[in-house]
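The values are calculated or read from the model by the stated rules, or taken from the named source; none is laboratory data. What you are looking at is a predicted structure, and each value in this text was computed from that prediction instead of being measured. Here the Cβ is made from the backbone with ideal geometry for all residues, glycine too, and neighbour counts use every protein chain on show. For accessibility, only protein heavy atoms count, side chains too; no ligands or nucleic acids. Shrake-Rupley method; radii C 1.70, N 1.55, O 1.52, S 1.80 Å.
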Amino acid sequence: ELFAAFLKELDAVPEGDGTLLDHSLVYGFTDVAFAKIHALDGIPVLIAGSASGRMKTGHHIIGEGSPVSRVGLTVQKAMGLSVDSWGGGSMETKSPYTELLA
């Protein structure tokens, strides 16, 4: 509820041709999928905002066994960072979710 309220507040602030949320990229996640057993598969991640049009919105992606670090790499690519990979060990990836990049 607090995360949704935060996004609503960002979306209520006019900025340029949109809102503060339109020009931001908010990355929200938890570090486990099911806290009781510390499950690492199916970790929920939410990205809100479009980073001034650099990210596509309105998508739901099921990771299907991909490391969650793909989301972090995608965010870095959207922000213009020149990185080829991200993560360590079994979580290292070189594959951003290109379908999310505008």
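Quick rundown of the values:
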{"read-out": "Cβ-Cβ under 8 Å pairs, at least 6 apart or on other chains, segment 78-102 side over 20 Å from residue 48 (Cβ atoms), far side among the hydrophobic types (A, V, I, L, M, F, W, C) and assigned to a strand (DSSP E or B)", "value": "92/86; 93/86"}
{"read-out": "Verdict on residue 10 being of a type in the set (A, V, I, L, M) and either part of a loop (DSSP other than H, G, I, E, B) or open to solvent by less than 60 Å² (accessible area, probe 1.4 Å) (or both)", "value": "yes"}
{"read-out": "Qualifying residues in segment 68-84 (those that are under 21 Å from residue 41 (Cβ atoms) and open to solvent by 30 Å² or more (accessible area, probe 1.4 Å)) - the one modelled with the highest pLDDT", "value": "70"}
{"read-out": "Residues of segment 36-57 satisfying the condition of being at pLDDT 95 or above and small (Gly, Ala, Ser)", "value": "48, 49, 50, 51, 52, 53"}
{"read-out": "Residues of segment 68-95 that turn out to be in a loop (DSSP other than H, G, I, E, B) and touching an Asp or Glu at 6+ places or on another chain (Cβ under 8 Å), as a count", "value": "2"}
